[in-house]
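Written out below as structure tokens is the structure these notes cover.
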Amino acid sequence: TLTISDHEEKEMYYNLILGEIFHSIAVQHNLRNITSTRFSQAAATLYSALEQMNDQKNIAEGIPALQRISGYSKSQLCRLMKKYLGKTPREYVINKRINLSYNLVMHTCLSIADISEKSGFSSESHFISVFKKEFGITPAQKRKEDSLINH
């Protein structure tokens with residue numbers, strides 16, 4: 001039987017996974033269903049860049065990686081992403097980083113400092129702050145909570 005904490009933990013994890021799935025489907029749907037020739041190339045380029053942003057090194061690099069991969073300036077990238085995804089490049093990158101860091105916290109023994117660095121956060125304290133804002137607890141607390149539940 002599930003305890004409340006087990007149920008909440010699984011629900012949060014499933015919501016995170018479903019969010020990524022729905023995001024991926026929305027990106028594919030929005031970018032592939034553009035009929036204007038003028039925007040078809042832009043959409044295809046953006047879609048390709050977003051696909052490449054699943055690489056851990058690109059997530060850590062962030063917006064500069066998106067610019068490098070897509071070939072768009074920061075302002076062009078912002079316009080396209082707002083139009084097709086409804087979010088800014090910064091919001092997109094933070095979402096990718098928080099998902100990567102969550103997986104590293106939950107599935108590795110890396111230190112919080114190493115996770116912060118691998119996820120591309122500017123500092124460990126910034127990482128902890130963003131993580132806590134997203135999940136309500138610090139990465140160390142999340143890891144400890146998970147180890148208590150699963151052991």
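The values are calculated or read from the model by the stated rules, or taken from the named source; none is laboratory data. Since this is a predicted model, take the numbers as computed values, not measurements. Backbone-built Cβ (ideal geometry, glycine too); neighbour counts: all protein chains shown. Note: accessible area is taken over every heavy atom of the protein model, side chains too, but ligands, DNA and RNA are not part of it. Shrake-Rupley method; radii C 1.70, N 1.55, O 1.52, S 1.80 Å.
Each residue of the range 133-146 was assigned a 3J(HN,Hα) from its phi angle through the Karplus expression (A = 6.51, B = -1.76, C = 1.60, θ = phi - 60°), giving 4, 6, 10, x, 9, 6, x, 5, 5, 5, 5, 5, 4, 5 Hz with x at Gly and Pro.
Sorting Ser125, Ser70, Ser147 by accessible area puts them as Ser125, Ser147, Ser70; the probe is 1.4 Å, largest comes first, and only protein heavy atoms count. In the complete set of protein chains, residue-level accessible area for Arg90 is approximately 150 Å², probe 1.4 angstrom. A Förster distance of 41 Å, applied to the separation of the beta-carbon atoms of Asn103 and Gln41, puts the FRET efficiency at 0.80. Here the 3J(HN,Hα) profile of the range 110-116, calculated from phi with Karplus coefficients 6.51, -1.76 and 1.60 at θ = phi - 60°, is 4, 5, 4, 4, 5, 5, 4 Hz, Gly and Pro shown as x.
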